[in-house]
Every structure is written in C-alpha cells, then in structure tokens.
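Single-structure report; data block below.
The values are calculated or read from the model by the stated rules, or taken from the named source; none is laboratory data. These numbers were taken from a predicted model, which means no experiment stands behind them. Glycine gets a Cβ as well: all are built from the backbone with ideal geometry, and neighbour counts include every protein chain shown. The area values use the complete protein model at the heavy-atom level, side chains included, leaving out ligands, DNA and RNA. Shrake-Rupley method; radii C 1.70, N 1.55, O 1.52, S 1.80 Å.
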Amino acid sequence: MKKSKTKCIGILTAGGDCPGLNAAIRGVAKAALSEYGMKVIGFQDGFRGLVENRTIILNDSSVSGILTLGGTLLGTSRDKPHKMLMGGEKMDMTQAAADNVRRHQIDCLVCLGGGGTQKNAMRLHEKGGVDVLTLPKTIDNDVAETDVTFGFDTAMNIATEAIDRLHTTATSHHRIIVCELMGHDAGWLALGAGIAGGADVILIPELPFDLDVVAEHLLERRRNGKRFSIIAVAEGAEAKDGLTAAGGGRSSNAEGTGPPVQEPHASRLTRELQRLTGIEARVTSLGHVQRGGAPSPTDRLYCTLLGTKAGELLADGRYNVMVAIKGGRCEAVPLEKVAGKKKLVPKDHPWVHAARLVDTCLGN
Ligand code: F6P
C-alpha cells in the first residue's frame, strides 16, 4: 500500500447523469482503495444525499463490474447545497452538508459533475470549509479549463448514429428532418455530431441563425436535385431576430401539477421551415437518449484516466482542484479557474471552419 495524506474520501455525482459516471467512480475508488488504502464513502443523489446524510460504503466489490454501466450507482440530483428545497422551502443547507463531511471524518469530497457542480463544490469549499476535488462530466462539453468532459464522446456517438438513421428516411420521403440535440447553451454536441453525421444545416447557440438563409439553403439544395435535408439544431440555438429555434420548451404537465415536462424545442423552427420552403418537414428530438446507456470506449478511457489521477492527487493532499484533460494528459486545475466559467464553441473553432468548407449551412 502506498503512502497517502488522505485517509477518507466522500464521493458524489451531481447534475444531469451521463455515460461514464460509474466508470469514473470506479477509477477514483479503485485507486483510492487498493493503491492507497483510503476509506471511500458514497453519498446518494448528489448534494441532497450529502445534506440528508444518505451514504453507501464503497468497497472493492461494489465498484467491480461497473465500468461499462450507464447512469450512476450513486444516483444524482440537481440540488444545490445553498438553495435546497426542504419541506417546500428553499434553504441554505451548506452547514448541514459540511457537518456531514466532518461527521464521517472525510478529508476531501470528490464531486463528479458539470458546470453547476463545479460552482457548487467551490461554494461548499468557500462557505462550508470543505476540501473538494472535482471531475468534469457532461454531454454538453462546456466545462472550462478542460479539452473535453466525459460523457460527451458517447453522446456524440449516439447522436451521430441517429443522424445517420434520419438520413435514410429523409431521403426516401424527400423531407426535411430537423434533429434537435442537447447541449444547454453550448453547441459542441450539435456541431460535432452534425459534422460527423453530414448534416446539411447545423445551428448552434454561438452562431445566431437567419431563418431566411436556412430556408434558401434548403431550396438551393432542392434546385440542385437534392430532395432531402437534415438539420442538426442545438436546443439552445436562437435566430438573430430573436425567434428561438424553440417554440416548445418547458411547460406544465396536463394536470398543472408537478414539475414542468420538457417538450421538443425545435418544433417551431420545423414549422417555419416547412412554411418558407413548401417542403414537408419532420422534427425529431433525441432528448435523454443521448445520456443513456453504456459509455463509449473513449469515455471509459477518459474516466479511468481522470478517476485514477484523482486518486493520486488525493494521496498527495492536492485539494480544491478539478482534474482536467489537456493535450491528452490529466492535470489539476485550481477550482477557482473553473467555477462560474463556461466553454462555448469559439466562432473561429476548426470545427466551424471545416463545416463551412464542406458546404454546411451554419445559418448565417
Ligand atoms: O447538462 C446536461 C443536459 O443533458 C443538457 O444538455 C440539457 O439541457 C439538460 O441536461 C437536461 O436536463 P434534465 O435532465 O433536467 O432534463
């Protein structure tokens, strides 16, 4: 057993789930347990389980056989410690969270999550005095200071396969098919899968689109004998004049009770394009399919690299950092450089340039 400054860690997964969470838990836990003899305590359902002190002891057998499993064995939630709904009221539960960390004599809390989780972990450190270490997870790929987040590659594979499949049916029926992809405010997923799937139009939040330009591109394709078109649209894409790609969005469920139910965002765009071009159009929203199922080999590899690097950093007593992937290597980045920042697609990114060169319409 190697020497370790850290004796006990807590681990939680927060925010939307994504493929690779279990692989990352396994990477952290295996390195921590077998290399350094640390105790590993899992908290259920993100920060809520931390506040409510719901734990699972992770040992070698509980983290075996999970490398390829989708979802997260710990469960997740979007709860924030400083604004948590408790008995119908939003409360600051930072101290309760910090008390539970101390109760278990945890030296460092490992938080696996996206942009929101980076912020929440930072706040827990600053306001609750808890040492934290984070890993960058999200299919959106929008976490700052890392080349890539885990979950993104798998989502891009799923979305690309979907676009491939939409191609054959769009071709047969001579239709426009609008395919809506996730990504929150970032266009990485739509752009990556759009390029990989050969979409004819790709619309992302970073490049506000002109509806008339898109319609003209579709008509031009038709004039050139191409009787179908595929549009990959990011859920956050917006038109220049303010008309969102959307139109759908969140709305209450039929009974008017419970949380809002997500509806496809791209419905309005689809209707408008059918109206402007006179070509029959359909919309497909890939939704949570993009986050489900087994991680890709690339994500399994990233998660194992990130997780085991986290184990090494913990053994060295390096806290309050995010483990990032930069140039194919893992490195620790101070959390204050990450928290509250977002990595959007730069307008001059090579993917944008390449898409234009293969005559993909980016809506402007
Ligand atoms: O951040 C990941 C993500 O999948 C976004 O792409 C999407 O906007 C959001 O989560 C969906 O959230 P929920 O799981 O709450 O429906």
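Values for this structure:
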{"item": "Residues being open to solvent by less than 20 Å² (accessible area, probe 1.4 Å) and either of a type in the set (Phe, Trp, Tyr) or part of a helix (DSSP H, G or I) (or both) - total across segment 212-237", "result": "3"}
{"item": "Close pairs (9 angstrom Cβ cut-off, 6 or more residues apart or separate chains): of a type in the set (Phe, Trp, Tyr) in segment 75-91, at pLDDT 95 or above and assigned to a loop (DSSP other than H, G, I, E, B) anywhere", "result": "none"}
{"item": "Single condition Thr171 does not satisfy, out of (1) in the same structural domain as Asp200 (by TED's automatic domain parsing); (2) buried (at least 23 other Cβ atoms within 10 Å of the Cβ)", "result": "(2)"}
{"item": "Unique match (being open to solvent by 10 Å² or more (accessible area, probe 1.4 Å) and either within 24 Å of Cys8 (Cβ to Cβ) or outside the structural domain of Leu133 (by TED's automatic domain parsing) (or both)) among Thr72, Thr117", "result": "Thr72"}
{"item": "Residue, nearest to Ala196 (Cα to Cα), within segment 147-162, restricted to residues that are in contact (Cβ under 8 Å) with a residue 60 or more places away in the chain and surrounded by fewer than 24 Cβ atoms within 10 Å (Cβ to Cβ)", "result": "Asn157"}
{"item": "Filtered residue count, segment 132-144, keeping only those that are surrounded by 19 or more Cβ atoms within 10 Å (Cβ to Cβ), away from the ligand (no atom under 12 Å from the Cβ), of a type outside the set (Val, Ile, Thr) and more than 15 Å from Tyr302 (Cα to Cα)", "result": "1"}
{"item": "Matching residues in segment 328-351 - criterion: being farther than 18 Å from Thr134 by Cβ and either open to solvent by 70 Å² or more (accessible area, probe 1.4 Å) or among the hydroxyl-bearing types (Ser, Thr, Tyr) (or both)", "result": "Leu344, Lys347, Asp348, Pro350, Trp351"}
{"item": "Filter result (within 18 Å of Glu126 (Cα to Cα), aliphatic (A, V, I, L, M) and open to solvent by 20 Å² or more (accessible area, probe 1.4 Å)) within segment 75-105", "result": "Met91, Met93, Ala96"}
{"item": "Of residues in segment 170-187 being touching a Leu at 6+ places or on another chain (Cβ under 9 Å) and within 10 Å of the ligand (Cβ to nearest atom), the one nearest to Ala354 (Cα to Cα)", "result": "Ala186"}
{"item": "Qualifying residue in segment 354-361 (condition: of a type in the set (S, T, N, Q), open to solvent by less than 50 Å² (accessible area, probe 1.4 Å) and outside any helix (DSSP H, G or I))", "result": "yes"}
{"item": "Among residues of segment 277-324, those that are at negative phi, touching a strand residue (DSSP E or B) at 6+ places or on another chain (Cβ under 8 Å) and not in a strand (DSSP E or B), counted", "result": "18"}
{"item": "Contacts under 8 angstrom Cβ, first residue in segment 329-349 being at pLDDT 95 or above and assigned to a loop (DSSP other than H, G, I, E, B), partner among the aromatic types (Phe, Trp, Tyr) and open to solvent by less than 50 Å² (accessible area, probe 1.4 Å), 6 or more apart", "result": "Val345/Trp188"}
